[in-house]
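Engineer: A single structure is presented below for examination.
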Amino acid sequence: MHVEEFIPNTSPKKIGSGSVGCISPSNIALVKYWGKKPHQIPANPSISFTLNNCNTKTILRYSPKSTEGFSFEVYLDGKKEEDFRPKIEQFFERIIVYAPFLNSFHFDIETTNTFPHSSGIASSASGMSALAMCIVALEQLVYEISNEVLMKRKASFLARLGSGSACRSIEGGLVVWGAHSAILGSSDLEGIAFPYEVHQVFKDYQDAILLVDKGEKQVSSSVGHNLMHNHPFATERFQQAHDHIDALIPILKSGDVNAFISIVEREALTLHAMMMCSDPYFILMKPNTLEIINAIWNFRTRTQIPVCFTLDAGANVHVLYPKQHASQVGQLIQAKLSHYCQNGQYILDHVGKGSEHIKI
Ligand code: 2P0
């Protein structure tokens, strides 16, 4: 697979003003991406569940211009959002080779999230994938392209250049990003739908996101990724991610939830262990993160219900469980776990279908 296939090779058509739109979900990694090489190439492959309810809706309004350079405004919930500009500017610079028409329009980017912006839920995955989908929709108009499969792949390719994990939010279900010898078609350049048989239990897995700490993170993911360079355990960690994906292939097929739990929880704790022994070291978990983990373990031991946790680069806890246990886990969350959340807040989500274009 080569980057050249994503460079337009026909002449653009002149189009007038208009708008395109998209809804794109967040995703939660089971095997984590933590560490990268130049040009947004992951240091190891990762696999995630695409979510459903936590999503970003983006409308891209475009009008032709003749001046040089990028021209855009960004709005979050109807208000101009200057803080988003640097990341979008950087995104445009990274993708201009693949989307040269970006220079030919002024853009108003209108975006809304279903989850609170300050919730500590990564909005970069849903936000960047939504914007990438809109850009690809515009490309289809400019170059009169009707190949939907190629365009979805391109959306993931572009989203990766905005934020690595965003490339896993285009496809639904289980998504793999990063070359892995046992996963046919896997690539460092784009996320692909997990290509093998998946047991029914994993097709509608539930994810309750417990909002432990909604504040700004002390250490950004970009800084965290960089600290994997020269990390004393980097080589072992990257190998472990490969091994975990190898192990997950038969588990996802058989529906062995206990084996699934053992890998998913080890991944979450390894991610945070890497942070805790990098140079400089840091801790993103909060006391209530640990309270929740212990409460989940106690509940699992007592009831034998296969509920587990995973963590992102933050203090919030993702509680993962099969749909058939939704009511008991719902009671656990309501009665015990919500006390550890800021203002008792949590979001119930589940595996979803991926990004989709919307009619404006
Ligand atoms: C993941 N995370 O696999 C891991 C686990 C956080 C913990 O991908 O620098 O925002 O934009 O490529 O994608 C967060 O990192 O980083 C992330 P960039 P990104 O979901």
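The values are calculated or read from the model by the stated rules, or taken from the named source; none is laboratory data. Remember, predicted model here, so these are calculated numbers, not experimental data. Virtual Cβ from ideal backbone geometry, glycine too; neighbours counted across all protein chains shown. The protein model used for the area step is the full one, side chains on, heavy atoms only, and it has no ligands, DNA or RNA in it. Shrake-Rupley method; radii C 1.70, N 1.55, O 1.52, S 1.80 Å.
Engineer: Can we say Asn343 is at pLDDT below 95 and surrounded by fewer than 20 Cβ atoms within 10 Å (Cβ to Cβ)?
Structural biologist: yes
Engineer: Also: Return the residue satisfying two criteria in turn: it lies in region 197-238 and is open to solvent by 30 Å² or more (accessible area, probe 1.4 Å) and of a type in the set (Lys, Arg), and of such residues it is nearest to Asn53 (Cα to Cα).
Structural biologist: This residue is Lys203.
Engineer: Using the structure shown, decide if Thr301 is at pLDDT 95 or above, under 21 Å from Leu30 (Cα atoms) and surrounded by fewer than 22 Cβ atoms within 10 Å (Cβ to Cβ).
Structural biologist: In short, no.
Engineer: Can I ask one more? So which of Leu60, Leu51 is open to solvent by less than 10 Å² (accessible area, probe 1.4 Å) and within 12 Å of the chain's Cα centre (by Cα)?
Structural biologist: Just a single option satisfies the conditions, and that option is Leu51.
Engineer: Moving on to the next point. Can you say whether Ala313 is touching a Lys or Arg at 6+ places or on another chain (Cβ under 8 Å) and open to solvent by less than 60 Å² (accessible area, probe 1.4 Å), as far as the supplied structure shows?
Structural biologist: Values: touching a Lys or Arg at 6+ places or on another chain (Cβ under 8 Å): yes; open to solvent by less than 60 Å² (accessible area, probe 1.4 Å): yes.
Yes: the conditions hold for Ala313.
One line per residue, one yes/no per condition, for (1) within 16 Å of the ligand (Cβ to nearest atom); (2) over 24 Å from His357 (Cα atoms); (3) small (Gly, Ala, Ser):
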{"residue": "Ala29", "(1), (2), (3)": "yes, no, yes"}
{"residue": "Pro38", "(1), (2), (3)": "yes, yes, no"}
{"residue": "Pro42", "(1), (2), (3)": "yes, yes, no"}
{"residue": "Phe49", "(1), (2), (3)": "yes, no, no"}
{"residue": "Thr56", "(1), (2), (3)": "yes, no, no"}
{"residue": "Gly69", "(1), (2), (3)": "no, yes, yes"}
{"residue": "Leu76", "(1), (2), (3)": "no, no, no"}
{"residue": "Val97", "(1), (2), (3)": "no, no, no"}
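Engineer: Exactly one of these conditions fails for His318: (1) surrounded by 15 or more Cβ atoms within 10 Å (Cβ to Cβ); (2) part of a helix (DSSP H, G or I); (3) not aliphatic (A, V, I, L, M). Give me its number.
Structural biologist: With (1) surrounded by 15 or more Cβ atoms within 10 Å (Cβ to Cβ); (2) part of a helix (DSSP H, G or I); (3) not aliphatic (A, V, I, L, M) applied to His318, the lone miss is (2).
Engineer: For region 274-296, name all the residues that are among the acidic types (Asp, Glu) and under 18 Å from Lys217 (Cα atoms). Lay out the reasoning, then the answer.
Structural biologist: Narrowing region 274-296 to residues among the acidic types (Asp, Glu): 279, 291.
Correct list: Asp279 only.
Engineer: Hey, among Ala99, Ala155, Ala137, which residue is among the aliphatic types (A, V, I, L, M) and within 18 Å of the chain's Cα centre (by Cα)?
Structural biologist: Result of the check over Ala99, Ala155, Ala137: Ala155.
Engineer: Could you look through region 239-277, keep only residues that are surrounded by 19 or more Cβ atoms within 10 Å (Cβ to Cβ) and in contact with a Pro (Cβ under 9 Å, 6 or more places away or on another chain), and pick out the one that is nearest to Ala313 (Cα to Cα)?
Structural biologist: By that ranking, first place goes to Ala241.
Engineer: Considering only region 274-299, state which residues are part of a helix (DSSP H, G or I), of a type outside the set (Val, Ile, Thr) and touching a residue at least 12 places away in the same chain (Cβ under 8 Å). Before the answer, list the steps.
Structural biologist: Going residue by residue through region 274-299, those that are part of a helix (DSSP H, G or I) are 274-276, 287-299.
Narrowing further to those that are of a type outside the set (Val, Ile, Thr): 274-276, 287-288, 290-291, 294-295, 297-299.
Residues satisfying the conditions are Met274, Met275, Asn288, Glu291, Ala295, Phe299.
Engineer: Tell me yes or no: at least one residue of region 104-118 is modelled with pLDDT of 95 or more, surrounded by 14 or more Cβ atoms within 10 Å (Cβ to Cβ), more than 15 Å from the ligand (Cβ to nearest atom) and in a helix (DSSP H, G or I).
Structural biologist: Checked region 104-118: at least one residue is modelled with pLDDT of 95 or more, surrounded by 14 or more Cβ atoms within 10 Å (Cβ to Cβ), more than 15 Å from the ligand (Cβ to nearest atom) and in a helix (DSSP H, G or I).
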